[in-house]
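Bear in mind these aren't lab numbers, they're just calculated from the coordinates by the rules spelled out. Note that the structure is a prediction, hence the values are computed from the model and not measured. Backbone-built Cβ (ideal geometry, glycine too); neighbour counts: all protein chains shown.
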Amino acid sequence: MRAILSIVAVLAFACVPLPPPKPLPSGDVYQDACNSMARFGDIEGAEPDCARQLQRIDEAGLVSVEAPCLAKAESKSQLDACYSDDVE
Amino acid sequence: MSGAYGWRPNIADARDWDEQKLGLPVAAPGDILHMIGLHTTLDQNASSSCTGHGVVQEMCVSLRAAYKRQHPEVTKLELQKLFPIGSPLAAYYFGRRQEDPNAVKVQDVGAFPRLVKQAVSVMHVPKYGAWPTDLTKVNRKPSPTALIRGMRAKKATFYFFKGTGEARLAAIDAALAADKPVGFGTAVSDEMSGRSGEFVLDVPRGPISGLHYMCIIGMRVVNGQRQYAVVQSYGNGYGVDGIFWMTDNYIAWHMTSDVGCLSDLGESA
């Protein structure tokens, strides 16, 4: 009986669905993020392939560049706050 | 100079590439010292980032050695400019993210070499200057600037040595001869702490004080026994310019594992 309960418990745990991955923003958001970076003094933001590189990083799936947060930043401190893990 | 550690031994995975699957040579004659002096040794300070340090050493020394083979006249300063060391902090962060991408926070509890290398093969590594060591940022995601610079950096794949004992040593020697530094993790005792000048470290006699990841960049034969030149993450003040020597017994020891190389270093897409 204990063995059956263990199997049921394992199956129940295994069947809990993983949360769906966060959808990636559109390409425009990455460009807006780069514009924000450039506006607040980040030279990478002004590089012509900035948006493509940010998108590649998101597509790799390991970390998020928080492009929507970067795109909306109104100051350097808001931009810096987007880097924090707290926003994930 | 630090006494911190941080190696978390890999969990066995039969999918790893190894020297047997790759059909690599396993023999090399005599001293192999051409990579001595091509390193840049940084200090992990109080963090547990030794694995990040070791992996960026593997990458950096390998690139410098391969270039020096083609251009023997190049100076160390020129090599440092051409192939600056990567950010250990970024490599360490990526490795912990690789372990649990859904973690709300990463913690400074050490890293698995396989996961650091897997992450580095996807994210690559920004130069040190893009995400320098700063203990307040050990658990923070690298900035978008650092991430972008990483994506433009060299990429890598990796493999681990399957052999043990003499077979492991022969495989390491062959890798060193082919411009590949060799990363490894092992158990260390307090005998390792605070050493300066040239010394040779043998298997610990005292109690184990931690698990540490390091990088072999050379081999010499003394009285018929191999000794391996090792760099790690305690800065240039440790040993001689960051280098010390370990006996072949230590490298072949059963507590030494996760021995492996980065490979296929190439341009980012």
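Residues being of a type in the set (Lys, Arg) and either buried (at least 21 other Cβ atoms within 10 Å of the Cβ) or within 14 Å of chain A (Cβ to nearest Cβ) (or both): count how many of those fall in region B:76-97. Walk me through how you get there before you give the answer.
If we filter region B:76-97 for residues that are of a type in the set (Lys, Arg), which is where we start, we get B:76, B:81, B:96-97.
Filter again for either buried (at least 21 other Cβ atoms within 10 Å of the Cβ) or within 14 Å of chain A (Cβ to nearest Cβ) (or both), leaving B:96-97.
Going through region B:76-97 one residue at a time, the tally reaches 2.
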* Among the residues of region B:112-122, is there at least one that is crowded, with 24+ Cβ neighbours inside 10 Å and not in a helix (DSSP H, G or I)? -> no
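Do we have B:TYR228 as closer than 27 Å to B:LEU22 by Cα, outside any strand (DSSP E or B) and in contact (Cβ under 8 Å) with a residue 12 or more places away in the chain here? Break it down into steps so the answer makes sense when it comes.
Values: closer than 27 Å to B:LEU22 by Cα: yes; outside any strand (DSSP E or B): no; in contact (Cβ under 8 Å) with a residue 12 or more places away in the chain: yes.
No.
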* Structure fact -> Filtering region B:197-225 for residues that are surrounded by 21 or more Cβ atoms within 10 Å (Cβ to Cβ) and of a type outside the set (A, V, I, L, M) leaves a count of 4
* Asked: Can you name every residue in region A:63-88 that is surrounded by 16 or more Cβ atoms within 10 Å (Cβ to Cβ), more than 9 Å from every other protein chain (Cβ to nearest Cβ) and part of a loop (DSSP other than H, G, I, E, B)?
  -> A:ALA73
* Structure fact -> Apart from one, (1) outside any strand (DSSP E or B); (2) under 17 Å from B:GLY30 (Cα atoms); (3) among the charged types (D, E, K, R) all hold for B:ARG205; the odd one out is (2)
* Within region A:46-62, restricting attention to residues that are at the interface with chain B (Cβ under 8 Å from one of its Cβ atoms) and under 14 Å from B:ARG149 (Cβ atoms), which residue is surrounded by the most Cβ atoms within 10 Å (Cβ to Cβ)? -> A:LEU54
* Asked: With respect to the numbered conditions (1) more than 8 Å from chain B (Cβ to nearest Cβ); (2) under 14 Å from the mean Cα position of the chain (by Cα), which one is the sole condition not fulfilled by A:GLY41?
  -> (2)
